[in-house]
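Everything below concerns the one structure shown next.
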Amino acid sequence: MKLADNKATLSFSNGSPSVEMPVYHGTIGPDVIDIRKLYAQTGMFTYDPGFMSTASCQSSITYNDGDKGELLYRGYPIEQLATSCDFLETCYLLLYGELPTASQKSDFDYRITRHTMVHEQMARFFQGFRRDAHPMAVMVGSVGALAAFYHDSTDITDPKQRMIASMRMIAKVPTLAAMAYKYTIGQPFVYPQNNLDYTSNFLNMCFAVPCEDYKVNPVLARALDRIFILHADHEQNASTSTVRLAGSSGANPFACIAAGIACLWGPAHGGANEAALKMLAEIGSVDRIPEFIARAKDKNDPFRLMGFGHRVYKNYDPRAKIMQKTSHEVLAELGIKDEPLLDVAMELERIALSDDYFIEKKLYPNVDFYSGITLKAMGFPTSMFTVLFAVARTVGWIAQWKEMVEDPGQKIGRPRQLYTGSPPRDYQPISKR
Ligand code: SDX
């Protein structure tokens, strides 16, 4: 970051001495006011629940321009990566900062492919879950449990171990995700196949059965690979901030990623793709849309349009556009002519985008709005949608965790608070209460 000529001066109407704070530029995007010395100089904290105006770190991985609706991974626009890259190429870019050469790509693919098996004892680990457990509950447990099987890559001070743990998670999270799915439907686990590419291997582990050959549909594999690219990283979103905070204490990488999965599960975050499809199914038909739009606008109704709105994007989420195109491609490939959920989604989008409430609040479809329709058409149950988001986001979490751990100025994250509880008081024996 670069010191700006500009400075910020904080003055107080009660005559307390004013404070000057440096301003820094990034490469693009908003400048920051460096308040690190504010408490020492004023005895006061800033107050920003939800971090609406707070930069928690400097990062060179991903950039969102919320007003323009732009998303860059290491400077490359998401539209170009989604059409020209495959997911592992995007993983390499996020991890190392540059697109791989042909030999770097084949070496990276080789290394990831040969880490896709999990320790055989992990299969028994699954037996502890109820068959009707939500797959995200299984993922939180099983990814956290990787630390119990791969001790040799938990020393975060060792760059070699950091890289092995990173490779292991990018490679093994899809295997665990497929096992979580198979376990809930009572089918046998399917081992990874090294002759398949990353996403075809994942589809094979999810949908192959021992009784007959399974052929991965290349159009669906390409569509899912693109969906993984769209979900790979997204600045300091809630789950990434969770991973960074967990990692700031020196926790091992498997535990940090498990914490990220737990946070992603929330319906306001990664759980929105499951919630959005349930909402479209509840609306059911185009003629019921006005009723739900009214509920979304009603201050007394907690209902929100799932898959709409975003903390950063105050314009169309660029990923939603690509998701919508992908949903049409997948439905066409599968010969699904009339998908009522897609009709409802497109009409809901049309109505919402012409409604003053949504225009004034700058609420647009986000990445979760169309993804459910595509994933459902591919054969995934809604309970697996957020698991697929976690499979894709694992590389983003790891890239951000690695950047934080390798930052020489890294400190444990420890926010302060505005205390509004009881002033000091003395204990009263129960006889006197
Ligand atoms: C993801 O951060 C990321 O980058 C996340 C993500 C990623 O890749 O990591 O992009 C992935 O999580 C996408 C978001 C998925 N969530 C949803 O689709 C759930 C529905 N959306 C909302 O819950 C909401 O829009 C959030 C959580 C996404 C953003 O919430 P903010 O930024 O805290 O905004 P807000 O709740 O303060 O809303 C501002 C106003 C409010 O009205 P007022 O109180 O000002 O009158 O807009 C309204 C809200 O009521 N509003 C909505 C709405 N979203 C916001 N009203 C109806 N429907 C909605 N979806």
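The values are calculated or read from the model by the stated rules, or taken from the named source; none is laboratory data. Everything numeric in this text was worked out from a predicted model, so none of it was measured. Methodologically, a virtual Cβ is constructed for each residue, glycine included, from the backbone with ideal geometry; neighbour enumeration extends over all protein chains shown. Ligands, DNA and RNA are excluded from the accessible area calculation, which covers all protein heavy atoms including side chains. Shrake-Rupley method; radii C 1.70, N 1.55, O 1.52, S 1.80 Å.
Tabulated values for the structure
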| item | result |
| --- | --- |
| Counted residues, the stretch 2-21 - those being surrounded by 14 or more Cβ atoms within 10 Å (Cβ to Cβ) and either out of contact with any Leu (no Cβ under 6 Å at 6 or more places or on another chain) or of a type in the set (Lys, Arg) (or both) | 4 |
| Number of the exception - Ile322 against (1) more than 11 Å from the ligand (Cβ to nearest atom); (2) assigned to a loop (DSSP other than H, G, I, E, B); (3) touching a residue at least 60 places away in the same chain (Cβ under 8 Å) | (2) |
| Residue check, Asp368 within 12 Å of the ligand (Cβ to nearest atom) and under 26 Å from the mean Cα position of the chain (by Cα) | yes |
| Pick from the stretch 325-360, criterion open to solvent by 70 Å² or more (accessible area, probe 1.4 Å) and not in a helix (DSSP H, G or I), ranking: nearest to Tyr76 (Cα to Cα) | Ser354 |
| Filter result for the condition that a residue is open to solvent by 10 Å² or more (accessible area, probe 1.4 Å) and either more than 19 Å from the chain's Cα centre (by Cα) or aliphatic (A, V, I, L, M) (or both), over Asp86, Asp109, Asp65 | Asp109 |
| Spans of helices (runs of 4 or more DSSP H) in the stretch 198-295 with at least 1 residues within 12 Å of the ligand (Cβ to nearest atom) and either open to solvent by less than 40 Å² (accessible area, probe 1.4 Å) or in contact with a His (Cβ under 8 Å, 6 or more places away or on another chain) (or both) | 218-230, 238-248, 253-264, 272-283 |
| Condition met for Leu71 (buried (at least 19 other Cβ atoms within 10 Å of the Cβ), touching a residue at least 12 places away in the same chain (Cβ under 8 Å) and farther than 22 Å from Cys206 by Cβ) | yes |
| Yes/no for Arg311 being of a type in the set (Lys, Arg), within 14 Å of the ligand (Cβ to nearest atom), open to solvent by less than 40 Å² (accessible area, probe 1.4 Å) and out of contact with any Lys or Arg (no Cβ under 9 Å at 6 or more places or on another chain) | no |
